[in-house]
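The values are calculated or read from the model by the stated rules, or taken from the named source; none is laboratory data. Predicted model, so just to flag it, every value in this text is computed and none were measured. As a convention, Cβ positions derive from the backbone with ideal geometry for all residues, glycine included, and neighbour counts pool all protein chains shown. Areas reflect the complete protein model, heavy atoms only, side chains present, ligands, DNA and RNA absent. Shrake-Rupley method; radii C 1.70, N 1.55, O 1.52, S 1.80 Å.
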Amino acid sequence: MDIRGKTIAVTGAGQGIGRALVERFHAEGAAKIAVLDLDGEAAEEVAAHVGGWGQGVDVRVDDDLVRAIDAIENDIGPIDLFCSNAGILAIGGVELSRATWQHVMDVNVGAHITAARVLVPRMIERGGGYLLNTASAAGLLTQIGSAPYSVSKHAAVALAEWMAITYGDQGIKVSVLCPQAVNTAMTAGIEGGGVAGVDGMLEPEDIAAAVVAGLTDERFLILPHPQVGEYFRRKADDYDRWLAGMRRLQARFTDWT
């Protein structure tokens, strides 16, 4: 995909990876950019910085996200690339409340589903379109210390995979972004990024550069930390050995868990 001249929407774009994506897409020559974030003021500030369109939206709320997508397409035109980037983290495991689990799932998976439900039929009718879903290396491996994050990110990868298979011959392109630790609000206060930072912490701008390269090549998996691909291969090659290695890794991060 060539970013130049495209109409792009990004959720979770008031800061972090989302903001870096907006700024990089602007630098790459995107024609129109819609900036969506739970913090409406932040969305409008980022949008003003790139001459874009900004609005507050709670991606957990189906109707809220649908209205935002409709507003974008009515105000600035059909969306060529939708980046479902908003995400949250909850520390803990199966002891966490059902409400906490639901909250994480609604943001990390549900928002992807809503965006696809609205946009896929429209994109097919228009002759094609692109969906970029932000997941995590946790969606291919696992997130030590957070069961909801790990489970939701696995679901996000599975959804993207299903859509790539189901709609790939109808003009719908899908990529899924799976970084390890990134220097954002999510990792603030966690020295070195915790267990996710074993291979180093990247800056949001590094992630944006990897995304542009991945979209240019139309790769399904975008891995800013290339080590993740090797870990994923090891996992598939010998699952039990991989699990044992992950338990050893967990033992190194008792403070995190």
Under 20 Å from Lys153, Cα to Cα: lysines that are on another chain or at least 8 residues apart: Lys173, Lys235
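What order do you get for 27-35, 116-124 when each peptide is scored by the mean count of other beta carbon atoms within 10 Å, highest first?
Values: 27-35: 20.0, 116-124: 17.7.
Final packing ranking: 27-35, 116-124.
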Carbon plus sulfur fraction of accessible area for the chain, probe 1.4 Å, in percent: 50
Per-residue SASA entry for Trp242, accessible area with 1.4 Å probe, Å² rounded to 10: 30
Under 14 Å from the Asp39 label point (7 Å along Cα→beta-carbon), backbone N, segment 1-29: 12-20
Compactness of segment 121-183, expressed as Rg and Dmax over alpha-carbon positions, Å: 13.5, 43
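With +1 on each Lys and Arg Cβ and -1 on each Asp and Glu Cβ, and nothing else charged, work out how big the dipole of the chain is about its Cα centre, in Debye to the nearest 20. Don't skip to the end; give the middle numbers.
Details: 21 positive and 33 negative charges, 150 e Å.
In total the dipole reaches around 720 debye.
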Net charge of neighbours whose Cβ lies under 12 Å from the Cβ of Gly110, counting Lys and Arg as +1 and Asp and Glu as -1: -2
Virtual spin-label span in nm between Arg98 and Arg4, 7 Å along Cα→Cβ: 5.4
Solvent exposure of the chain as accessible area per residue, Å², 1.4 Å probe: 45
Simple label model, 7 Å out from Cα along Cβ direction - Arg122 to Asn74, nm: 1.1
Read-out semi-axes √(5λ) of the Cα gyration tensor in Å, derived from the coordinates shown; its label in (i) 29, 19, 18; (ii) 35, 17, 16; (iii) 42, 18, 17: (i)
Two-site FRET efficiency, Val66 against Arg252, from Cβ-Cβ distance with R₀ of 35 Å, rounded to 0.05: 0.20
Label-point separation, Asp217 to Ala244 (7 Å along Cα→Cβ), nm: 3.3
Three-way shape label, segment 35-87, alpha-carbon gyration tensor, a/c 1.5: oblate
Value at 222 nm in deg cm²/dmol, rounded to 500, when DSSP H runs of n ≥ 4 in the chain each add -39,500 (n - 2.57): -15000 deg cm²/dmol
